[in-house]
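The values are calculated or read from the model by the stated rules, or taken from the named source; none is laboratory data. Owing to the predicted nature of the structure, the values given are computational and were not obtained by experimental measurement. Every residue, glycine as well, gets a Cβ built from its backbone with ideal geometry; the counts of neighbours run over all protein chains shown.
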Amino acid sequence: GFSGVILAVKDDDSSLLKYLHKIGATPGKRIRLLSKEAYDESVVVEIDGTRTSVSKIVSENVLVGI
């Protein structure tokens, strides 16, 4: 149920940035954690009312603040 605002992205890899743009995970957007998978630590998040699954690698590169 954690909710916050995307502040920045740690990695400037163009593939990562394109993926984040595709799913709407850009700085300034509100993001809410819905669930976390124990097996691979992927997460399901909601961004602008859209749910999406995000890998551990991607989630570790997105900085979120309250």
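Tabulated data
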| read-out | value |
| --- | --- |
| Of all residues in the stretch 11-25 being modelled with pLDDT of 95 or more and assigned to a loop (DSSP other than H, G, I, E, B), the one that is nearest to the chain's Cα centre (by Cα) | Ala25 |
| When residues of the stretch 26-40 are limited to those that are among the hydrophobic types (A, V, I, L, M, F, W, C) and not in a loop (DSSP other than H, G, I, E, B), the one surrounded by the fewest Cβ atoms within 10 Å (Cβ to Cβ) | Leu34 |
